[in-house]
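A short reminder: the numbers here are calculations on the coordinates, not readings from a lab. What you see is a predicted model; the values in this text were computed from it and never measured. Positions of Cβ are generated from backbone atoms using ideal geometry, with glycine treated the same way; all protein chains shown enter the neighbour counts.
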Amino acid sequence: MPVFNLPYKGKLQDEEAISSVRQEITRLIPNAVAAAESLLNFPFDWQRIDFELTDSARGQTSQGQTSHISRMATYGIEFPIVAIRVQPILRGDYADSNAVFETLTHEMIHAIIRQNIPHDDYHMLPEWFQEGVPTFLVQQGEGKLLITLAIKWDNPVSILEAFDQRNKRMPYLTGYFFFAELDNRLGRMGTQAFIRNVLLSYSITAACDSLQIEENDIWQHAKRRASFRIQSLSEDVGSQLRDCMKLYQEGQSRENESQKCFQELIEQHPETYAGQVAHYWLAKIYMHRHKNDQARFWFDRFLQFPVRYGLYDNVRYFRIRILMEEKKYEQAKQLCEQYLLYFPDGDNYEKAKDVCSSLSD
Ligand SMILES: [Zn+2]
């Protein structure tokens, strides 16, 4: 195992939170390196890795970035820099350590690939290859697709329309489906052989030729595969969720119906974006009715999903409001302080600030 540093370069002042995240990552790194080696079937030969721990973007548990430097070029010594961004507050009550482990493994796969190709040639590899390899091997494609669908839930077809290997905004998704198709045809060892061939020849075409496959044919099937997944995920995202939302928007008069609608969505499609986001709306219905325990229950379950985006911020704020309604001012104050400390760019920051200042009076 190479030696590694893990300095914290974020803005947080909370020593305890930082040290617990650092401990967790220190523990995960050797496992992530081992996982990356076995997924790629390449050894990791560097003697040293420089990690940098910083704060993740709002709503994301963790994200990473890998580059490599040859600080001592004259001696030919190179090592990767892995910037790992983690949201410490999400490591507490709602720890989702798999997401951090996946991010680390993903970054280590980038590092190993970089190690096997000269620095200047790395950028000649298409982006869908660079991102597709780790996204496929770590199985992050479905998650990426769910997040993309969450953003484009009213027009899922637009994802497919943008599905093109030359589209630089979607290298994770296009790459993922390319490798899913390749793996289906060649098996895992064939896929690993393909990756190795690309690194030896710097050429997708040459790697395809040596395995007697046709690149365009793989892309066609990859797109069909993506289309199938998008369709089956978006059928309920598009129609059922929309139906529930319509009922919800009609307010109190149809609250019972919308509650039932969201509940069914949760039961029938727990794996989809619709099934996950339904937790949020169900919790809001309970909140409107002042059934705080149920509201808290469903909010808490919602916060445990890996699909994280804007609605999370509302939940953090609502949890403060619920505690205030229950006159649990000490607990509300704690959550309030946490919110202001960790989410200075949160959508509800101004509102939380008002609430917090009223609490300290
Ligand atoms: Zn990546």
Restricting the range 1-37 to trypsin sites (Lys or Arg not before Pro) in coil, as DSSP defines it, with at most 16 other Cβ within 10 Å: Lys9, Lys11
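For the range 282-339, which chymotrypsin sites (Phe, Trp or Tyr not before Pro) are both in a DSSP coil and crowded by at most 16 other Cβ atoms within 10 Å? Please report the intermediate quantities before stating the final value.
On the way: sites: Tyr286, Phe297, Trp298, Phe299, Phe302, Tyr309, Tyr312, Tyr317, Phe318, Tyr329, Tyr339; in loops: Tyr309.
Sites meeting the loop and neighbour criteria: Tyr309.
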How high is the relative contact order of the chain, given as a whole-number percent (alpha carbon pairs under 8 Å, six or more residues apart)? 13 percent
When Glu215, Glu161 are ordered from fewest to most other Cβ atoms inside 10 Å of their Cβ, what list results? Glu161, Glu215
Test of understanding: ordering Leu341, Leu146 by Cβ neighbours within 10 Å, fewest first, what list do you get? Leu341, Leu146
Out-of-range pairs (alpha-carbon distance over 24 Å; input Lys11/Lys327; Lys284/Lys353; Lys246/Lys353): Lys11/Lys327; Lys246/Lys353
Reachable aspartates and glutamates from Lys328, criterion Cα separation under 16 angstrom, eight or more residues apart if same chain: Asp293, Glu337, Asp361
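So what's the back-of-envelope 222 nm ellipticity for the chain, counting only DSSP H runs of four-plus at -39500 (n - 2.57) apiece and dividing by all residues, rounded to 500?
Per the formula, -20500 deg cm²/dmol.
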List the lysines whose alpha-carbon lies under 20 Å from that of Lys144, not counting same-chain residues fewer than 8 positions away? Lys152, Lys168, Lys223
For Ile81, Ile285, what ranking results if the residue with the fewest other Cβ atoms within 10 Å of its Cβ goes first? Ile81, Ile285
Can you tell me how much longer the chain between Leu12 and Val157 gets when fully stretched, taken as 0.36 nm per residue apart minus their C-alpha distance, in nm with one decimal? 48.2 nm
Which loop trypsin sites (Lys or Arg not before Pro) in the range 96-168, with loop taken from DSSP, have no more than 11 other Cβ atoms within 10 angstrom of their Cβ? Arg166, Lys168
